[in-house]
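The values are calculated or read from the model by the stated rules, or taken from the named source; none is laboratory data. A quick note: this is a predicted structure, and the numbers were derived from the prediction, not measured. With ideal geometry, Cβ positions are generated from the backbone for all residues, glycine too; neighbour counts draw on all protein chains shown. Areas reflect the complete protein model, heavy atoms only, side chains present, ligands, DNA and RNA absent. Shrake-Rupley method; radii C 1.70, N 1.55, O 1.52, S 1.80 Å.
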Amino acid sequence: MAAYTWVDHTFDVVVVGAGGSGLRAALGAAQAGLKTACVSKVFPTRSHTVAAQGGISAALGNMGEDHWQWHMFDTVKGSDWLGDQDAIEYLTRNAPAAVYELEHWGVPFSRTEEGKIYQRAFGGMTRNYGEAPVQRTCAAADRTGHAMLHTMYGQSLRHSVDFFIEYFALDLIMDNGVCRGVTAWKLDDGTLHRFRAQTVVLATGGYGRAYLSCTSAHTCTGDGGAMVLRAGLPLQDMEFVQFHPTGIFPAGCLITEGARGEGGYLTNSNGERFMERYAPTVKDLAPRDMVSRAMTMEIRDGRGVGPNKDHINLYLDHLDPKILHERLPGISESAKVFAGVDVTRQPIPVLPTVHYNMGGIPTNYHGEVLTKVGADPDSVVPGLMAVGEAACVSVHGANRLGSNSLIDLVVFGRAVGLRCGEKLEVNASQPTLPKGAGDDHLARFDRFRNANGKTPTAKLRDKMQRTMQDTCAVYRTGPVLNEGVERMKKLWAEAPDVRVTDRSMIWNTDLVETLEFDNLLGQAVVTVAGGANRTESRGAHAREDYPDRDDVNWMKHTLAWLDLKTGEAKIDYRPVHSNTMTNEVEPIPPKKRVY
Ligand code: FUM
C-alpha cells in the first residue's frame, strides 16, 4: 500500500452532507455554541435538496382550515402504518414553527393576496381526516428546495459553521461500538483527513442512483448508508423505494407533483382521467405509491400513450398561462428542454421514476442512530446521528407523502442540533483516537485506487442499475425479487474485477465513481433482499404474489446487515412505534387505505 498521511481535525460535531438536513443540523449545533464542521462532497448549494420543487408541508392553514393532527393522520395513513407515530407526531407538530423559521431566515416563499405563505395541494394531504384535498404544501414557485438551500447555507455561514467543501467522506471511525469520527479525501488537492468529533451526523441523502432511471442527482449514492453497513450496523426498511409518478419520459427528470396540485391531470390513450377510477375522492392527488401503480396498470393493460404505448400524458394546457409562469416556471422549462413540449399547448409525457428512499439509517426522533442489541431494538449508537433521506426516523414508513421530505429535513435537522446542544459539552476533551484509526479506510481506498481488473466501473454500475430496475420496481413478485438477489450475488463476486485507470489523488473522478459504486452496491443488495423477504404488500412495496397488507406478521421494520465477505444480507426486525409521543393525541389504528 502507498504511504498516506492524515491531516487531523477535532470538532464537537461533524456533519457529513450539506443538503437541507445537513445544513439545518450544522446550523443548530453551531447555534448551541458547539464547534461544528460540515463536510460535503459537493459545494453546499449543489446538494440534491436544490432540486426539490413542489414544496414543504406544514399545517399553517393559510388557504383554509388545517391542523397538525390532520397532517399527522395523513402521514400515518400515507405510510401504510409502517411509520413510527411518535416521530410523526414530532414532525407534524413542529412543522409550522420550522416553516416560519425558514421564512424569518429569508426563504422567498410565494405569497397569497394577503401576503401569507402560499400553499398548494399535494398527494395524500387532506382536510378532516381524508374528506377532501387540502392546500398544505408551502411553495417558493417550483424551486422550493433551491430557495431553502441557499437561505440555510447563508445562515450556516452566519453562525460560523466550518465548511469542508469537496471532501469525499470515506468511513466512520468506530471504537468498541462508539463513533469517534469520520475520514475524508479532499478532492482538489488529494490530502486525506481524519475528523475527530463527539458526534458525527450523517446527512448524506438517498441512494437513488442504484437505479437506472431516477430523479436523483448523480451524487445520490447513499455514502452514509454504506458507511453504516461497513461499520457493522443495520439499515432499516430498505425495500421501500418511492417511484414518483411524473418523471419526464424517457429522461426521468422530475415534474413536480405541484403540477397536479395546481390542477394538472393524467390521461391514458383513451384520453380518460383514469385516477378517477383508482382514487375517487382525491383522484390525481392520491399518494405516490397509488398513482404509480395506477399508471403502471394502465400501461400494462394497453392504455399507455405514444407509439409504443409505454407512458402516460400529464395535461397542464387548461391552466392559466400566468399561473404556469408564476407557480410552475421550472417544470415548464424542463418539459421544453427534456421532452420538447410547450406545456401551454401540449401534454408532458411521464412515467413513474425512482425518487426517494423511505429506508435508511434507523434513528429515533432526536436523530440518534439505533441498532438492535440483544432484545433491545432501540439501542442508541453513541456518537452517531443521522438525518434527512439518509435516515429512517421513520416518519414515511412504507410510502412518503410528497412535500413531507423537505419538512423532515428541517424538523429533524433542528432536532439533531437541539439534541447535540443538550447532550454535548462545548469543546469537551475527547479521547485520543485508537492506534491505527482509519487504517482500514486507507486499505479500502488504496485497493480501489490501484484496482487493476478487467471491468470498468461504469459496466458494473450499469449491471447493478439494470438489476434494480428489472427486479425491484413498482410491482414485484417473489421469483423476480429472488432473481434480483441472485444477480446481485453474482455482481458482488464480479465487483473485485473492477478497473480504475486514473491513479492520481487530485480530481480523480474515476476513483470517486468507483467508491460511489461500492457504496451503492451494498445498499442495492439489502434493498432487493428486503423486498424478497417481505411477503406482503404495503405502501411502495407492491407484491403481486402477496397483494394484501399483513399487519399480523409484517407491521414491523426490516433491519438489514450486510456481510462484507459474502455480500449477503442478514435480516431481523424492529417493532413499529404505534404509540404517539404525547398523550394529547390518540394512536391512529390501522385501516385499509382508501382515497
Ligand atoms: O413533486 C415534487 O415536487 C417532489 C416533492 C417531494 O418529493 O416531496
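A few comments on the model shown:
- Every listed requirement among (1) touching a helix residue (DSSP H, G or I) at 6+ places or on another chain (Cβ under 9 Å); (2) in contact (Cβ under 8 Å) with a residue 24 or more places away in the chain; (3) surrounded by fewer than 24 Cβ atoms within 10 Å (Cβ to Cβ) is met by Ala25 save one, (3).
Conditions tested, residue by residue: (1) touching a strand residue (DSSP E or B) at 6+ places or on another chain (Cβ under 8 Å); (2) more than 29 Å from Phe168 (Cα to Cα).
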site	(1), (2)
Asp8	yes, no
Val15	yes, no
Gly22	yes, no
Ala37	yes, no
Arg46	no, no
Thr49	no, no
Gln53	yes, no
Trp70	yes, yes
Leu82	yes, yes
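- Subset of region 368-391 [under 12 Å from Gly413 (Cβ atoms) and part of a strand (DSSP E or B)]: Met385, Ala386, Ala391
- Of the criteria (1) within 27 Å of Leu34 (Cα to Cα); (2) in contact with a helix residue (DSSP H, G or I) (Cβ under 9 Å, 6 or more places away or on another chain), which one Phe445 fails: (1)
- Selection status of Pro287, more than 26 Å from the chain's Cα centre (by Cα) and not β-branched (Val, Ile, Thr): no
- Only one of Ala140, Ala169 that is within 16 Å of the ligand (Cβ to nearest atom) and under 23 Å from the mean Cα position of the chain (by Cα): Ala140
- Region 512-545, subset assigned to a loop (DSSP other than H, G, I, E, B) and touching a residue at least 24 places away in the same chain (Cβ under 8 Å), residue farthest from the chain's Cα centre (by Cα): Asp545
- Options Thr281, Thr296: the member that is over 25 Å from Gln135 (Cβ atoms), in contact with a Phe, Trp or Tyr (Cβ under 7 Å, 6 or more places away or on another chain) and either outside any helix (DSSP H, G or I) or open to solvent by 10 Å² or more (accessible area, probe 1.4 Å) (or both): Thr296
- Residues that are among the polar types (S, T, N, Q) and in contact with a helix residue (DSSP H, G or I) (Cβ under 8 Å, 6 or more places away or on another chain) within region 538-562 comprise just one, Thr558.
- Whether a residue is open to solvent by 10 Å² or more (accessible area, probe 1.4 Å), within 16 Å of the ligand (Cβ to nearest atom), at pLDDT below 95 and assigned to a loop (DSSP other than H, G, I, E, B) was assessed, and Ala251 passes this test.
- Scan of region 97-114 for residues that are more than 21 Å from Ala141 (Cβ to Cβ) and surrounded by 18 or more Cβ atoms within 10 Å (Cβ to Cβ), ordered by number: none
- Comparison of Trp507, Trp492 shows that the only residue that is in a loop (DSSP other than H, G, I, E, B), open to solvent by 40 Å² or more (accessible area, probe 1.4 Å) and aromatic (Phe, Trp, Tyr) is Trp507.
- Condition check for Ser160: away from the ligand (no atom under 16 Å from the Cβ), within 30 Å of Asp189 (Cα to Cα), in a helix (DSSP H, G or I) and among the small types (Gly, Ala, Ser): no
- Within region 388-432, the set of residues being away from the ligand (no atom under 16 Å from the Cβ), open to solvent by less than 10 Å² (accessible area, probe 1.4 Å) and of a type in the set (Val, Ile, Thr) comprises Val416 only.
- Failed item in (1) under 21 Å from the mean Cα position of the chain (by Cα); (2) open to solvent by less than 10 Å² (accessible area, probe 1.4 Å); (3) within 16 Å of the ligand (Cβ to nearest atom); (4) at pLDDT 95 or above, with Leu266 passing the rest: (1)
- Residues satisfying the stated conditions in region 50-73, i.e. open to solvent by 20 Å² or more (accessible area, probe 1.4 Å), within 11 Å of the ligand (Cβ to nearest atom) and closer than 21 Å to Val395 by Cα: Ala52, Gln53
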